[in-house]
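Engineer: First, the structure itself, so that you have it in front of you.
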Amino acid sequence: MQALTISGLTKTYRGGVHALKGVELSVNEGDFFALLGPNGAGKSTTIGIISSLVNPSSGTVSVFGYDLVKQKEQAKACIGLVPQEFNFNQFETVLQIVLNQAGYYGVPRNIAHERAEKYLTQLDLWEKRNARARELSGGMKRRLMIARALMHEPKMLILDEPTAGVDIEIRRSMWHFLQEINQQGITIILTTHYLEEAEMLCRNIAIIDKGQIVENTSMKALLSKL
Ligand code: ADP
Ligand code: ADP
């Protein structure tokens, strides 16, 4: 099963920036996949399109066989997104934030509470459950975004520069957590501009530059070429 298939994807923003110029990409179910590229290459635009936050100009995207346009709700249910910017209400508590997300996806309350405890504990946030988001450190906020993205138990987790600005210890524990949930079967796609991060974590990798995929290979094959 393909977790993600992207074909002929283009995006031209209003104002005329050609952010994507015919992206082709496929990711297998269960993969741990990196989309690597310099700033401005089109990583966030690609992720924005997969998560239905940005409209593509042309091309097709399918998520676990669901067409992103024609079967939007089914496709969205498969995806958990961890965006680059903190986009939660800073005045809500950690617990409220994850429970609201579950509510949004129609997860029953008792199940939502069980999951909140499970994921907040795994991400070392359970003791902070009654703290307001704005009281959290940067690393905690990032972990909160991961917990929130898992509340509807998506088949695929997409993370946009997940460890940007996070110190090395927290980064390692986040890596460890991501490896664990990947081993439990969740497909993971992350964007990064650090090759080291991709190298640590990922089995397969695509390199994007100026809106095009210039390499799509296994991490092993890429490293043997460098
Ligand atoms: P990356 O995530 O790899 O840094 P982006 O997808 O953010 O790259 O950006 C790709 C290109 O599109 C850049 O030239 C960027 O300035 C431009 N861009 C991104 N978002 C917008 C937008 N909302 N409107 C106009 N241009 C944008
Ligand atoms: P979409 O087609 O996905 O709705 P838009 O083209 O409407 O995206 O752009 C979204 C907003 O981002 C616009 O208000 C645009 O002005 C703004 N924007 C412009 N340039 C950039 C940029 N380089 N990076 C991020 N946002 C940008």
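Engineer: Is it the case, given these coordinates, that A34 is surrounded by 19 or more Cβ atoms within 10 Å (Cβ to Cβ) and in a strand (DSSP E or B)?
Structural biologist: Considered against the rule, which asks whether it is surrounded by 19 or more Cβ atoms within 10 Å (Cβ to Cβ) and in a strand (DSSP E or B), A34 comes out as yes.
Engineer: Restricting attention to segment 123-176, which residues are within 16 Å of ligand 1 (Cβ to nearest atom), buried (at least 17 other Cβ atoms within 10 Å of the Cβ) and touching a residue at least 60 places away in the same chain (Cβ under 8 Å)?
Structural biologist: I158, L159, D160, E161, P162
Engineer: Considering only segment 15-29, state which residues are more than 22 Å from C202 (Cα to Cα), open to solvent by 70 Å² or more (accessible area, probe 1.4 Å) and modelled with pLDDT of 95 or more.
Structural biologist: Within segment 15-29, V17, H18, K21 meet the criteria.
Engineer: From the list V69, V61, exactly one residue is in contact with a Leu (Cβ under 9 Å, 6 or more places away or on another chain) and not aromatic (F, W, Y). Which is it?
Structural biologist: Within the list V69, V61, the selection yields V61.
Engineer: With the structure loaded, tell me whether H113 is closer than 21 Å to L190 by Cβ and out of contact with any Lys or Arg (no Cβ under 8 Å at 6 or more places or on another chain) or whether it fails that test.
Structural biologist: Taking the combined requirement at face value, the residue does not satisfy it.
Engineer: Considering each residue of segment 37-80, count those that are β-branched (V, I, T) and open to solvent by 20 Å² or more (accessible area, probe 1.4 Å), and give that number.
Structural biologist: Adding up the residues that qualify gives 3.
Engineer: To continue, here is another question. I need the full set of residues from segment 186-217 which are open to solvent by less than 40 Å² (accessible area, probe 1.4 Å) and more than 30 Å from T12 (Cβ to Cβ), in order please.
Structural biologist: Within segment 186-217, I186, L201 meet the criteria.
The values are calculated or read from the model by the stated rules, or taken from the named source; none is laboratory data. Worth saying up front: this structure is predicted, and the values here are computed from it rather than measured. All Cβ positions, glycine included, derive from the backbone under ideal geometry; neighbour counts span all protein chains shown. Surface accessibility is based on the protein's heavy atoms, side chains included, excluding ligands, DNA and RNA. Shrake-Rupley method; radii C 1.70, N 1.55, O 1.52, S 1.80 Å.
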